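Enquirer: Below you'll find the structure I mean.
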Amino acid sequence: MTITAQEIESQPRVWREALGLVPHATQLLRRPGERVLAVGCGTSAFVALAFAALREAAGLGVTDWAYASEPRAPRPYDAVLGISRSGDTTEVLDALRAVPDGVRRIVVTGVADSRCARLADEVLLLDFADERSVVQTRFPTSFLLLARAAFGEDVSGLPAAVEAALASPPAVLDPTAFDHFVYLGRGWTNGLAMEAALKIREAAQAWAENYPLLDYRHGPMAVAHPGSLVWLLGADDPGLVAQLTTTTGATVVSGLAADPLVELALAQQLAVGVALTRGLDPDRPRYLTRAVVLDGPALR
């Protein structure tokens, strides 16, 4: 079994451990009324999107997200949340250094003595969820599980739910059946859709797309065909499902698990399966490293 597959399958245990940090996560992340900006790169950017949507939906205050690599005009935030599994991502470091005095710097990382952690006022350390793999799986899901708990959701049943789902994935998720993968979300699950598509691209070098659910009709569905898997993550649209099924021949799935975060774990598992069917090693994705470290500051 690959390292990536082992780490995907470890999520029930890791999620249970993460739930022990709910009081600390609540103290760091909840703070009603604070204006918060969440930043990251790659997977961490998509997690930042999901975090921002969840926090605003919980009525806790203005919460924005941004790619750490994109220049931003200064805005009045009370806190900036930097997400970096390695804690060494150059663009996240630059973004944290640019935070004005008096604005709280929070870092979510898997490495206690990382450079991002040393810049932080407060750290949410998920070292038990850190990974040997290049492709991120359990680290981002553990953070989102914690964030949801901190915002008042009851997620206590999700470790058991993901354990059952990974042990017996739906037969429709046949890694040999598709040449095209589309993930659709709404609200916070837009971040999950972006992340699911990235997993397929990273691990399997396959054709994968992601869109907000209702935007899919606005052009992208033109390339749907019988080799397409269109996966609605934590969202449903019976009209779209019927349209795609009858006119394009695509396989359309929704509601594959009791919770969108569990569905993301299934999407991770599918990505590894697709990689293996293509003769690829998901532990060694092309052109990627565990952390993106650039020479000199990335932001000018």
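The values are calculated or read from the model by the stated rules, or taken from the named source; none is laboratory data. Fair warning: this is a prediction, and the values are worked out from it, not measured in the lab. Note that we place each Cβ from the backbone using ideal geometry, even for glycine, and neighbour counts take in every protein chain shown. All accessible areas refer to the heavy atoms of the entire protein, side chains included, with ligands and DNA or RNA removed. Shrake-Rupley method; radii C 1.70, N 1.55, O 1.52, S 1.80 Å.
Enquirer: Give me the percent relative contact order of the chain, please, defined on Cα pairs under 8 angstrom at least 6 residues apart.
Expert: Dividing the mean separation by the residue count of the chain yields 21 percent.
Enquirer: Further, regarding this structure: Round to the nearest 10 and give me the degree value, 0 to 90, for the angle of helix 158-167's Cα axis relative to the longest principal axis of the chain.
Expert: Tilt relative to the chain: about 40 degrees.
Enquirer: Here's another thing I want to ask about it. When a/c reaches 1.5 or more, the comparison of a/b and b/c decides; with that in mind, is region 175-263 rounded, prolate or oblate per its Cα gyration tensor?
Expert: The shape class here is rounded.
Enquirer: Give me D for the chain in µm² s⁻¹, whole number, from Stokes-Einstein with Rh from the Kirkwood sum over alpha-carbon pairs, 4 °C and 1.567 mPa s.
Expert: 67
Enquirer: Could you identify which residue out of P285, P175, P71 has the top mean-square fluctuation in a GNM of the chain using Cα springs shorter than 10 Å?
Expert: P71
Enquirer: Another question about this same structure. Which of the listed residues, F128, A149, V99, is farthest toward the dipole's positive end in the chain, when Lys, Arg count +1 and Asp, Glu count -1 at the beta-carbon?
Expert: It is V99, whose Cα lies furthest towards the positive end.
Enquirer: Sticking with this one: Limiting things to C-alpha atoms, what are the Rg and the maximum Cα-Cα separation (Dmax) for region 6-48, in angstroms?
Expert: Considering region 6-48 through its Cα atoms, Rg and Dmax are 13.5, 40 Å.
Enquirer: In what order, largest first, do R55, R278 sit by accessible area if the probe radius is 1.4 Å?
Expert: The ordering from most to least exposed comes out as R278, R55.
Enquirer: Next up: Using only Cα atoms, find the angle between the long axis of helix 138-150 and the longest principal axis of the chain, and express it within 0 to 90 degrees, rounded to the nearest 10.
Expert: With rounding to tens, the tilt is 70 degrees.
Enquirer: Measure nothing fancy, just the Cα-based angle from helix 238-247's long axis to the longest principal axis of the chain, in degrees from 0 to 90, nearest 10.
Expert: 50
Enquirer: Sticking with this structure for a sec: Mean residue ellipticity at 222 nm from the helices of the chain, using -39,500 (n - 2.57) per DSSP H segment of n ≥ 4 over the full residue count, to the nearest 500 deg cm²/dmol?
Expert: -12000 deg cm²/dmol
Enquirer: At 37 °C and 0.692 mPa s, grab the translational diffusion coefficient of region 85-175 from Stokes-Einstein with a Kirkwood Rh over Cα pairs, rounded to a whole number in µm² per second.
Expert: 215
Enquirer: Now, a different point. Picking from G234, G219, G249, which is most flexible by a Gaussian network model of the chain using Cα springs under 10 Å?
Expert: In this elastic network of the chain, the residue with the biggest mean-square fluctuation among G234, G219, G249 is G219.
Enquirer: Provide, in order from the shortest bin, the percent of all Cα-Cα pairs of region 49-133 in each 5 Å bin, continuing until the bin that contains the maximum pair distance.
Expert: 3, 14, 24, 24, 20, 10, 3, 0
Enquirer: On to the next question. Separation between the M1 and R132 pseudo-spin-labels, each 7 Å from Cα along Cα→Cβ, expressed in nm?
Expert: Output for this residue pair reads 1.3 nm.
Enquirer: Another question, then. Given P71, A5, F51, which one lies farthest toward the positive end of the charge dipole of region 1-71, if we put +1 on the Cβ of every Lys and Arg and -1 on the Cβ of every Asp and Glu?
Expert: F51
Enquirer: Charges only on Cβ, +1 for Lys and Arg, -1 for Asp and Glu: so what's the dipole of the chain about the Cα centre, in debye to the nearest 20?
Expert: Dipole about the Cα centre, nearest 20: 420 debye.
Enquirer: While we're on this one: Between region 95-170 and region 211-253, what's the alpha-carbon centroid distance in Å?
Expert: Centre-to-centre (Cα) distance: 31 Å.
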